[in-house]
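Just below is one structure, and these are the notes that go with it.
Values quoted throughout were computed directly from the atomic coordinates according to the rules given, and no laboratory measurement underlies them. All figures in this text were calculated on a predicted structure; none of them were measured in a lab. Here Cβ is always computed from backbone atoms with ideal geometry, including for glycine, and neighbour counts include all displayed protein chains.
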């Protein structure tokens, strides 16, 4: 029996972070886990920050993860992963997409986007393990850059850190993607798995 498992998804609006949280939560419910989901939205329709909390297990009563208690962090965008740092701790496994989505102030030249290596270095100091790769490029190989979230899901499943069977997660993913995109999402999921198995 799972007592407490905390997963945090940090993304930019439009990356599919909310879909990802709902897929994982629905898969957890399918196998009988108690689940709490919380979402903190910025201007999500306009590329703002989106944080999703997915908590599952017998000892979970609040949707918000206590600071430092995240088991798995899925960082869909590097800086957004770093923004979630207060929830990260020594037990955290972080998986980070290294493809940046630069905010408006950076594009206007008002601010600088830090080097990805620096972001990963900082996350590595805070968490137990950090795995990083360009999920955007992998999604492109699957056939669409809109399936980055499925790439990330496949990768986290391949790490075997979620308390949910692979087949349940894949089945739930395919039930929740738009009709007609099942094949491309499954391809992206499997490429995400392959990436972890190769490394």
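A few remarks follow.
- Gain on full stretching of the segment that runs from residue 106 to residue 39 - 0.36 nm per residue minus C-alpha separation: 21.6 nm
- Separation of alpha-carbon centers, segment 82-99 and segment 15-41, rounded to whole Å: 18 Å
- Projected label points at residue 113 and residue 62, each 7 Å from Cα along the beta carbon direction, are separated by 3.4 nanometres.
- The GNM of the chain, with springs linking C-alpha atoms under 10 angstrom apart, assigns the highest mean-square fluctuation among 117, 69, 182 to 117.
- The mean sequence separation of alpha-carbon pairs under 8 Å and at least six residues apart, normalised by the residue count of the chain, gives a relative contact order of 21 percent.
- Selected from 71, 134, 59 as most flexible by GNM, with the chain as the system and alpha-carbon contacts under 10 Å: 59
- Here the average projected area of the convex hull drawn through the C-alpha atoms of the chain stands at 10.6 nm².
- Most mobile listed residue (67, 171, 112) in the chain, GNM with C-alpha springs under 10 Å: 112
- Between residue 2 and residue 69, the simple spin-label model (points 7 angstrom out along Cα→Cβ) gives 1.6 nm.
- Using just its DSSP H runs of length 4 or more, each adding -39500 (n - 2.57), the chain gives a mean residue ellipticity at 222 nm of -12000 deg cm²/dmol after division by all residues.
- 183, 140, 3 arranged by Cβ crowding within 10 Å, fewest neighbours leading: 3, 183, 140
- Residues in segment 1-32 that a label on residue 86 would reach, taking backbone N under 18 Å of a point 7 Å out along Cα→Cβ: 7-11
- FRET efficiency, residue 171 to residue 140 (Cβ-Cβ, R0 25 Å, nearest 0.05): 0.50
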